[in-house]
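The values are calculated or read from the model by the stated rules, or taken from the named source; none is laboratory data. The shown structure was predicted, so the numbers you read here are calculated from the model rather than taken from an experiment. Cβ atoms come from the backbone with ideal geometry, glycine included; neighbour counts cover every protein chain shown. Just so you know, the surface numbers come from the protein's heavy atoms only, side chains and all, with ligands and any DNA or RNA stripped out. Shrake-Rupley method; radii C 1.70, N 1.55, O 1.52, S 1.80 Å.
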Amino acid sequence: MKSTSTSPNPLKVILVAGLVAGTLDIIAACTQAYLKRGVVPDRVLQYIASAVFGKDAYSGGMAMSAWGLFFHYLIAFGLAAFFVFLYLRWPLISKNIVVTGLLYGIFAWVVTTRFIIPVFSTLKPSPFVLRNAIEAMVILMLFIGLPIALITKKYYPRPAKA
């Protein structure tokens with residue numbers, strides 16, 4: 001990427017970070033589901049769609065899988081947008097971008113499991129199991145938080161002042 005004197009458009013950063021993180025995360029989720037339970041990717045995506053469409057999502061075929069992918073990326077873009085918003089306004093975030101990204105992954109887990117699912121979905125929150133929570137957090141730390149943070153830092157080496 002060529003360096004210019006103007007800051008990149010935050011929408012571009014959000015788009016790139018959301019696409020990369022969302023793609024890495026859905027690959028990780030599908031891989032984990034298959035290795036642990038033999039669940040195929042279509043079923044993972046239908047599960048995501050079931051948060052909005054209920055049990056009908058499991059009989060909705062590819063259309064429901066597409067909805068699941070849409071909702072997945074919607075959340076990834078939302079997480080990317082929030083990080084970019086914070087990054088541009090809070091210079092402390094850029095001090096140690098790796099630690100910040102890993103912590104943001106934990107934040108993403110908290111937001112998705114303790115806010116988005118209970119408030120905005122038809123899914124019942126899963127009972128808290130420490131091992132499952134740690135596995136999910138590690139996935140979000142490595143495949144959501146860290147990529148979003150590193151991509152944001154790449155586009156904004158020094159945060160802009162608000």
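A few comments on the model shown:
- VAL52/ARG131 FRET efficiency (R0 22 Å; Cβ-Cβ; nearest 0.05): 0.20
- Surface per residue (accessible, 1.4 Å probe) for the chain, Å²: 60 Å²
- With the convex hull drawn over the C-alpha atoms of the chain, the volume per residue is 121 Å³.
- Computed FRET value (nearest 0.05) for GLN32 with SER7, which takes r as the C-beta separation and R₀ as 45 Å: 0.75
- Computed from point charges on the beta carbon alone (+1 for Lys and Arg, -1 for Asp and Glu), the dipole magnitude for the chain about its Cα centre is near 500 Debye.
- Carbon plus sulfur fraction of accessible area for the chain, probe 1.4 Å, in percent: 71 percent
- The alpha carbon gyration tensor of the range 20-75 gives principal lengths a ≥ b ≥ c with a/c of 1.5 or higher and a/b no greater than b/c, which makes the shape oblate.
- Value of relative contact order over the chain, rounded to a whole percent, pairs C-alpha under 8 Å and six or more apart: 33 percent
- Cut-off 12 Å between beta-carbons: net charge of the residues surrounding TYR58, Lys and Arg +1, Asp and Glu -1: 0
- Over the chain: helical MRE at 222 nm, DSSP H runs n ≥ 4 each giving -39500 (n - 2.57), nearest 500: -22500 deg cm²/dmol
- Lys-Lys pairs in the chain that are eight or more residues apart or on separate chains and whose Cα atoms lie under 27 Å of each other come to 16.
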